[in-house]
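What follows is a short report on a single structure.
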C-alpha cells in the first residue's frame, strides 16, 4: 500500500533549509528511517510508496532531489529514472538510486539510466546524508551561505537568522528565502514572475499573486524591528528592497 506524507519542515536550522526531497521507497520501515534522518537534518520531505505516486508528486511540484528505490510496485525505479531523464522538465532532476543490487553491472545500469549517485542496501544513514548534501551542493552552487547586511538588517543563512540591531526577527521559511534573495539583490526591481523563479523555483506551478501574500507576511515580520519600509512595491513592475528607504513619519 502506498503511503503519502505531506511536505514537512523541521524546526532545526539547516544550511540546506530550502531543499525538498522526494523519497520513493515501498518498504515503510526503510522509508521512515530515511525520513527521520532527513527531518533531523532540517530537510523538507515527502514519501511515495510506488511509481505512480512518485510521478504524481513530481507533476505537482519538482523536488530538489529524489531518493529512488530500484525495486518498486509497478514500474521500476530504473524505468522511472529513464522517463525523467527523457523529459525536458525533469532532465536535470538530481537522483540518488537506492538498491540491494550491488554488482558492478547493476551500478552501471543505474547510472546509465540517469542516476547521479548509487547507494547499495544496507547502507549507513551518515553516508546517505553525506551523499545527499554533496549532490545538492553540486546542483546549487549559487546558494550563498555568507551573511548579508542591508540598511541595518542582517540575514545569516548558516544560522537561519534575521536580526536588526541585535533583535531577532521571526519569520517563516518562505519569507526567509524571499528576504534572502531581495537582500542579495538590493535596489533592483523584481517582477513577480522573477521572484517565483528565483525563490520558489521555475518548476513550481503557483499563481503570481502568491508572491503578494508572502511579501505582506514579510513586511509584517519586519515591522516589529522598524524595517518594513525597506520592502517597496513598485507599481506596475514588482518589488524591491530599497536600501535607502526612510520610514514613514509617524502621525
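What follows is calculated from the coordinates using simple rules that are stated; it is not laboratory data. All values derive from a computational prediction rather than experimental measurement. Counting neighbours? That spans all protein chains shown, and the Cβs are built from the backbone with ideal geometry, glycine included.
Tabulated results
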item: Among 43-54, 172-183, the order from most to least packed when residues are scored by Cβ within 10 Å on average; result: 43-54, 172-183
item: DSSP beta bridges in the chain [antiparallel fraction, %, rounded to 5]; result: 50 percent
item: Antiparallel bridge percentage (DSSP; both residues within the stretch 47-186; nearest 5); result: 55 percent
item: Residues in the stretch 64-96 that a label on residue 121 would reach, taking backbone N under 13 Å of a point 7 Å out along Cα→Cβ; result: 68-73, 77
item: The chain, helix-only ellipticity at 222 nm - DSSP H runs n ≥ 4, -39,500 (n - 2.57), divided by all residues, nearest 500; result: -11000 deg cm²/dmol
item: The stretch 20-139, relative contact order in percent, only Cα pairs under 8 angstrom and at least six apart counted; result: 22 percent
item: Global form of the chain, assessed from the alpha-carbon gyration tensor, a/c cut-off 1.5; result: prolate
item: Helix axis angle, 125-139 relative to the chain longest principal axis, alpha carbon, degrees; result: 60 degrees
item: Cα gyration tensor shape for the stretch 18-71, rounded if a/c is under 1.5, else prolate or oblate; result: oblate
item: Tensor-based shape of the stretch 20-139 (alpha-carbon gyration tensor, a/c under 1.5 rounded, otherwise prolate or oblate); result: rounded
